[in-house]
Amino acid sequence: LNLGREHYSKMMRQRESANSPSKTNGISSSLSNGHHKGSMTQRRPGASQRPPLFYLFFGAFVGIISYASLRPTGKVCSMDVALWNAAGSDGNAIVTITTPPQYYAYQPDIKIKASKRLFSKMPKGKERNFFAHMSKICHPMVRALRDQGWHKVDNKEDARFIYTYVRETKSYPLLKSWQRYNHIPNTAAWNKKDNFANGFRRYHEETGVNPYFVPETFDLTVKNEKNQFEKRLFQEGGLDHPWVLKEPNVNQGKGITMLGPQSDELKNVLKFVADQEGTRYIIQQYICNEMTWQQRKFDVRVFWLVASMDPLIVLYIDGYVRIGNADYDESDFSNTRNHLTTHTFLGEEGKASYEQLNQKLVDHVEENPELKGTLPTDPATHVRNQFKESIGMLVDTFKRDTFKTGPPLAAEDSFEFYGADCVLDNDLDMWMIEAQDDTGMDEDHYFRLDMHHQIFYGMGLVLSEIWDKQAKGLPILPLKNAGKWEVVYADGWRYKYDEYERSKDKKSCGLK
C-alpha cells in the first residue's frame, strides 16, 4: 500500500509538471503528505498517460506481494492501523501497535474444567469462521479476528464466532450447540440502575459481604426502602449530604437530577416522586471529595469479559478516562450538567488514556503525602485492585440471574464484553456508579486505537484458548494467551483486595 501511495503521488507530480508552464526538468519538490523529495520530470511529448487508478492498483499489488514475501513465517504481525502523520517528517504511521499485546496478567492457581466436553458437534471446516456486523463499532473485533486467522462468512449459520453490536434476542434459541454468540441473556438484572443497587443489597444480606464500592442507594418505588430513606434523610443527617435522583431505566446522562444538601428540592423529593405517577426513581448519595482532572469532574470506564459460563470465567482489563465539560464545584448543585462526565453533547468533554490516569494517581499522592501511609501498594495498583475486586463481586452477585447456561440460549456456552463506570475520591477510594452491557467503541482519540487493540486482540486469544480446552476436556487455567486481561472470577473464586480497608469517615460536600 505504501508503494501504491508513492506510485500515485509520482503520477500526480508528473501530471502537474506536464500541465504547468512554470515547471521545468530538474526542479526539486517535496510532497506535502508523503514527506519525501524527488525530482519532477516533464512527461515526454506524445507519451501515453495511464489513468491514475492504474498506478494505485499496481502499487497496491506490488506492495502486497512484497509484504507477503518479506513477512516472517510463524510470527504474528501488526496490522491494525495505517494512519499517516501529515505534520511529521518521515511519513511513518503515527500509531505504533505491537502484537501480541503486552503481558502482565494475574491468574489464580486453580484447576477448573467445563462440565463436559464441548463442541462435540462442531462441523469440520467451520472452526475458524466468524460472522460480524460490519458497522464501525465492530471493527476492532473484526480486525483482531482476521489477524488471528479467522475467516469472515456471510451467514450466521456457518459461523462458530458470532459478533453483533445490537443484541438480537431472537437468535438465542436458534443457535447451534457449537456456536458462540457475544450476547448473554438477562443482563437487565444488573444493567438497570435499580436492579444493580437491589442486587448488591441482596448479596450483602445473604453473604454478609459488604459491596463497599456501591454508593448508598434507595429504591423509592419500594415502600420499605422509601421509608428507610425518609428516616435517613430527616433523622440520620441525610439532609447534610447531596443526593442524586435517577430514573433507573435511562442512560447517557438522562433522567438525572442533583439535589444539594439542605435544599428545598431535597427536602421535598419524596413528594416530587409521589407526584410522578408511572415513573420509577432511585436516589443515591453523591460521592463527595472527588478527584478532579484539571479542575473538572471525571470518571473511569473499565472493561470486563465473561469469557465462559461453563465454567464461569471473567476477566478484567484497564479502560480510559472520561472528563467533564465544566469546572467542578462541589458547593454548587444548581446545574446538573456540570456534574456529568459524558453525554452532555458539549465540545469541552475530554478523554484520557489509562496510562495518563496512572501518572495522575502518582502525582496525586506526591501532592498529598499523608496518603502514602494508607496505601498497601503503589497508587496505580491500589486503584486497579479495587476495580478488579468490584468486578469480581459484581459477577458473584448476579451469577444466578445472568451468567448461566440454558434456555433461552440454545448454544452450550456464550460470552460477552461489558463496561463499568467508576469515580475516584481524593482518598483514592473507588466507587462503581453503574455497569454497562452496551459500550461504545469510538476511535476519536489515537490512544483508543491501541486500547482497542489490547482489548480485542487479547479477547480473541483468550476465547480461542478457552474453546480449545473445552473441546479437549482440559483445565481452563492458567491461560497462556491472556494478554492484559486479568482473571477476576473463576468458578466460585473471585479476586479479593484484602490488604486494604477504606475509611468509613467520609466528609460531605455542598455545605457552605
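The values are calculated or read from the model by the stated rules, or taken from the named source; none is laboratory data. Worth saying up front: this structure is predicted, and the values here are computed from it rather than measured. Glycine also receives a Cβ, built like all others from the backbone with ideal geometry; neighbour counts cover every protein chain displayed. We work out accessible area using only protein heavy atoms, side chains counted, and drop any ligands, DNA or RNA first. Shrake-Rupley method; radii C 1.70, N 1.55, O 1.52, S 1.80 Å.
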Could the peptides 400-408, 158-166 be put in order, highest first, of the mean number of other beta-carbon atoms found within 10 Å of their residues? 158-166, 400-408
Once you have a ≥ b ≥ c as the square roots of the Cα gyration tensor eigenvalues for the stretch 109-167, tell me rounded if a/c is under 1.5, and otherwise prolate or oblate according to whether a/b is larger than b/c. prolate
Determine which lysines satisfy two conditions relative to residue 360: a Cα distance under 17 Å, and not lying fewer than 8 residues away in the same chain. 297, 351, 372
About its Cα centre, the stretch 103-251 carries a charge dipole, from +1 on Lys and Arg Cβ atoms and -1 on Asp and Glu Cβ atoms, whose size in debye to the nearest 20 is 1140 debye
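Between residue 117 and residue 154, 0.36 nm times their residue separation minus their Cα-Cα distance comes to what?
That works out to 10.5 nm of additional length.
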Mind ranking 221-232, 410-421 by how tightly packed they are, going by the mean number of other C-beta atoms within 10 angstrom, highest first? 410-421, 221-232
On the formula 1/(1 + (r/R0)^6), with r taken between the Cβ atoms of residue 410 and residue 374 and R0 of 41 Å, the FRET efficiency rounded to 0.05 is 0.20
Pull up all non-local amide H partners of residue 280: gap of 5 or more, or a different chain, and H-to-H distance under 5 Å with H placed in the peptide plane. none
Anything over 23 Å Cα to Cα? Flag those among 124/170; 223/271; 231/388; 113/176; 223/267; 126/156, in the order listed. 124/170; 231/388
Just read off the accessible area of residue 146 with the full protein assembly in place, 1.4 Å probe, to the nearest 10 Å². 130 Å²
How large is the accessible surface per residue of the stretch 274-424, computed with a 1.4 Å probe and reported in Å² as a whole number? 36 Å²
Among 477, 508, 449 the positive-end extreme of the charge dipole of the stretch 434-512 (Cβ point charges): 508
Rank by packing, highest mean first: peptides 115-127, 280-292, 319-331, with packing defined as the count of other Cβ atoms within 10 Å averaged across residues. 280-292, 319-331, 115-127
Listed residues 370, 389 arranged by accessible area, highest first, probe 1.4 Å: 370, 389
